[in-house]
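Written below as C-alpha cells is the structure these notes are about.
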Amino acid sequence: MTAPVLPRDLVVSWPTAPDGAPATVMAALARNARETADAVAFREREHGIWRERSWAATLDEVLALAAALETLGLGPGQALTVIGDNRTRLYLAMIAATALRAFPSPVFPDVPPDELTYYSRYGAPRIAVAEDQEQVDKLIDLRARTGRPVTIVYDDPRGLSGYPADVVVSYDSLIARGRARLAAEPGLAVDIVGRSGADDIAVLLHSSGTTGAPKGVPLRHRTVFAGVKNARAGGFLGEREELYAYLPSAWVGDFVFTVGAALLLRFTVNIPERQETVLRDLREVAPTWYLAAPRAWDNMLTRVQVGIEDSTPGKRALFAFFMPRAIEIERRRLAGRAPSLRERLLLAAGETFVFGPVKDFLGLSRIRNAYTGGEAVGEDTFLFFRALGVNLKQIYGQTESSALTAAQTDRDVKLHTVGRPLPGVEVRIDDNSEIVIKSGSVIDEYFDDAEATAKALADGWLHTGDAGYFEPDGQLVVLGRVSEVVNTAGGERYIPNYIENRIKFSAYVRNVAVVGDRRPELTAIVCIDEEAVGHWAEDRGISFTSYADLSQKTEVYDLVASVLRHVNTMLPPPLRLRRFVNLHKDFDPDDGEITRTRKLRRNVIEERYAPLIEALYAGVRTIDQDARITYESGETGSIRRTLSIRDVE
C-alpha cells in the first residue's frame, strides 16, 4: 500500500462549520485521516473475505481519484454519473467528485437503458463510474443516443477487455494516473482537500417521480450535515457506529448515512459481497445501527418463521412458548404498562433460549438503534422485532429534507406515529392538512426547475406533499399523499395509500392498488408476494408452475380475501373493500407501475388496467387481461391471463 499522500505531520486546513466541525464531505475525510488514520473506514466482502480500508488509505485513494478525474475534465458544477450496487470504490468516486466541486449523481442499478436518459439530463455528466459490464453496456447505449458520457470508468474488469480504450477506462488505471499527477504536483493534494465549500452540491438525487419524470434534488454539504447533526442531537445517531451499506446508492438514505453520517461521525461502513448475499453477510457484520424499509423487516420475519418451521421440535416448542408471550408483553408496554417482575424474568429466559439466538441468526445481535421508514410498518412485524429485543423505531423524512425530519425516541414508541420532529426541525400542519417543514437540512431548490421550486418551497418552508396531523403529545402522524386525497361517489374522503399500507402489512401481499375515486365502493388490485404465498402453498400441498398460476389458485384467493376482511374491520363501512382481483404479475418499476423506491404510480395503474378496473365494478366474475412486462434487455412484451374477480365478504 502506498503511503498516504498527506503525511500526518503535514499542516492541512479544511473548511469548518461555525461549530468547528468539518463543513464538507472531503473535509470530514481529511480530519478522520489525520485524527484516526488507522481506524477502519470501509469494510467490503470480496470472494468471501472482508477487506478493510483505513481512513488514511481512503483519503489516499480519494485524492488520487480526484486528481485523475480532473484530468478527464470533471470540474465545478458538473455531474458524475455513478451506477452499480454498493461498492467501496463507487463511494470513493462520489467523494472525489465533491472534492472537485462537482457532484455525484447516483442511479438505481436496475434502471433499464431507456430510463437512464432521465437520470443523466442534469449537470451535463461527461464522465460515469460503473460497477461492471452490465452497467457499462447501459452507459454505452446511452452514449450512442445522447453523446454522453464521454468517458466510462469501470470497477469490475470481467468481460470488458475488448471495449474501446478511448471510452472505457479501468478504475485501477485511473488511480495510477492520479498518483502520478499527485507525485508530480506536490501542492495538489492539499489544494484538493480545501477546494469544496459548504454551499457546493454534495450529491444530486432524484425525486420518486410518482406523477411524472423525476425531479433533480441537489443536497448541499451543509444540508446533509445539518440533517446528520439534527439526528445526532436527538440521539438517533452515535459516534463510530457499525453501518451496513446495502440500500440503493440512488436513495437519499444511503448517501446521507453511508457518506454524510459515516464521514462526519466516523462510522465503519460494511458492504455486502452482492445483493444476493445481503442477509448472509448481515449476520457476519452485526451492525450497531440499521435502517430498513418495512418490506425488508417483513422479509426478515418471514425468514424466521420459515426457519422455525424447518427446525427441530424442541426449538419450535421454545419459540411457540416464549414468542407470543413476549409480543403480548411488548403490546402492553407500548400501551404504557411496565413489565412485572415475573414478565421480566420470562423475557430474560427468552433472551437465552430464543431471542438471542434469533437475533444472532439475523445479524441483529449488536443493534442499538434500528429504524424503519418510507411507509407504515405492519403491527405484527413491529411488535415481533421489539418483542425480540430489537429497538425498532419509526423515522420520517424525504429526499428534500436530507431524509431526516422526525423520529421516535426510546421513550415514545407508537405503532401509528413517526415520532416528534428532530432537534433543529420545525414542523407544522397547514390548512390543507399538509405537513410543511423548515430546517437547515432542507434543499434550496430543485435542479434547474424554477416552477417546481416555487411550488414546493415558500418562505423557507418545504411543502412535503404528505397529509398528517399532530397528536396531543406532539407526535406526528403521516396519513399519505395530499394529492391522493379522494372521495367516493357517496362523498367519503379517504387516502388510498393509507388503506394500501394496511393491506401490505400482510406478508402475503407485496403490492396493491386501491380503487374508488368517485365510485360507489372501494375495490383492490392485489399483487401477491410470490415467496411468502409460494411457501404457504407448498406447506398445504398446493402445486403451481408460475407466479401467474399461483395468483389464480382458489386457495390463494381465499387467503387474500381473509387479509382484506381483516383490513375491513379497521375501516368505516363506506370505505370497506368490496371486490378484488389478484393480478397475474407484480407491479414492477421496469414497467413504470411503481417507482424505484416502490411507490405506486397511480396514474399509470389506472390507465394501464382500466378494463380490469371497470370489470371490478361491472359484476363480472372473470376477465381476460393483458399485462405489460419489460425484459432486462429493455424489450417489452405482454402476458395474457384469465383473471378471477372475487367479493371480499
Practice task
Return the residue satisfying two criteria in turn: it lies in segment 29-57 and is touching a Phe, Trp or Tyr at 6+ places or on another chain (Cβ under 8 Å) and assigned to a helix (DSSP H, G or I), and of such residues it is surrounded by the fewest Cβ atoms within 10 Å (Cβ to Cβ).
Solution key: Arg31
Practice task
Search segment 247-257 for residues being touching a helix residue (DSSP H, G or I) at 6+ places or on another chain (Cβ under 7 Å) and buried (at least 24 other Cβ atoms within 10 Å of the Cβ), and hand back the single one that is modelled with the highest pLDDT.
Solution key: Val256
Fill in the blank from the handout: Only one of (1) over 15 Å from Asn511 (Cα atoms); (2) touching a Cys at 6+ places or on another chain (Cβ under 6 Å); (3) not aliphatic (A, V, I, L, M) does not apply to Phe587, and that is (1)
Completion exercise
Note: among Leu612, Leu616, Leu600, just one is crowded, with 16+ Cβ neighbours inside 10 Å, outside the structural domain of Val111 (by TED's automatic domain parsing) and in contact with a helix residue (DSSP H, G or I) (Cβ under 8 Å, 6 or more places away or on another chain), namely Leu600
Practice task
For Arg366, work out the one condition from (1) in a helix (DSSP H, G or I); (2) more than 30 Å from Gly468 (Cβ to Cβ); (3) not hydrophobic (A, V, I, L, M, F, W, C) it doesn't fulfil.
Solution key: (1)
Practice task
Would you be able to tell me the number of residues in segment 61-77 that are surrounded by fewer than 23 Cβ atoms within 10 Å (Cβ to Cβ) and either of a type in the set (Lys, Arg) or part of a helix (DSSP H, G or I) (or both)?
Solution key: 2
Exercise for the section: Could you check, for segment 481-497, whether at least one of its residues is modelled with pLDDT under 95, surrounded by 15 or more Cβ atoms within 10 Å (Cβ to Cβ) and closer than 30 Å to Val306 by Cβ? Expected result: yes
Handout entry: Among residues of segment 573-597, those that are hydroxyl-bearing (Ser, Thr, Tyr) and touching a helix residue (DSSP H, G or I) at 6+ places or on another chain (Cβ under 8 Å), counted
Key = 1
Handout entry: Only listed residue being among the β-branched types (Val, Ile, Thr) and assigned to a strand (DSSP E or B), chosen from Val269, Val228, Val306, Val256
Key = Val269
Practice task
Answer yes or no: is there a residue in segment 540-556 that is touching a residue at least 60 places away in the same chain (Cβ under 8 Å) and either closer than 30 Å to Tyr396 by Cβ or among the charged types (D, E, K, R) (or both).
Solution key: no
Practice task
Considering every residue within segment 577-594, establish whether at least one is over 28 Å from Ala293 (Cβ atoms) and outside the structural domain of His206 (by TED's automatic domain parsing).
Solution key: yes
Problem - Within segment 148-166, considering residues that are part of a loop (DSSP other than H, G, I, E, B) and hydroxyl-bearing (Ser, Thr, Tyr), the one surrounded by the fewest Cβ atoms within 10 Å (Cβ to Cβ) - result: Ser161
Exercise for the section: Please state which one of Leu90, Leu80, Leu174, Leu182 is part of a helix (DSSP H, G or I), at pLDDT 95 or above, in contact with a Gly (Cβ under 9 Å, 6 or more places away or on another chain) and crowded, with 18+ Cβ neighbours inside 10 Å. Expected result: Leu90
Fill in the blank from the handout: Exactly one of Gly378, Gly397, Gly373 is in contact with a strand residue (DSSP E or B) (Cβ under 8 Å, 6 or more places away or on another chain), touching a residue at least 24 places away in the same chain (Cβ under 8 Å) and under 16 Å from Asp298 (Cα atoms), and that residue is Gly373
Problem - One residue from Ala57, Ala99 being modelled with pLDDT of 95 or more and within 20 Å of Gly194 (Cβ to Cβ) - result: Ala99
Exercise for the section: May I ask you to verify whether Val418 is farther than 28 Å from Thr381 by Cβ, touching a Gly at 6+ places or on another chain (Cβ under 9 Å) and of a type in the set (Val, Ile, Thr)? Expected result: no
Exercise for the section: Within segment 425-437, identify whether any single residue is at negative phi, of a type in the set (S, T, N, Q) and not in a loop (DSSP other than H, G, I, E, B), and answer yes or no. Expected result: no
Problem - Selection from segment 602-641 of residues that are closer than 30 Å to Val111 by Cα, in contact with a strand residue (DSSP E or B) (Cβ under 8 Å, 6 or more places away or on another chain) and polar (S, T, N, Q) - result: Gln625, Thr630, Thr636, Ser638
Handout entry: Residue check for Val418: of a type outside the set (Ser, Thr, Tyr), closer than 26 Å to Pro106 by Cβ, buried (at least 16 other Cβ atoms within 10 Å of the Cβ) and touching a residue at least 40 places away in the same chain (Cβ under 8 Å)
Key = yes
Completion exercise
Among (1) in a loop (DSSP other than H, G, I, E, B); (2) of a type in the set (Gly, Ala, Ser); (3) surrounded by fewer than 17 Cβ atoms within 10 Å (Cβ to Cβ), Ala376 falls short only on (3)
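The values are calculated or read from the model by the stated rules, or taken from the named source; none is laboratory data. Since the structure is predicted, the reported quantities are computational estimates derived from the model, not experimental observations. No Cβ is skipped: glycine too gets one built from the backbone with ideal geometry, and neighbour counts run over all protein chains shown.
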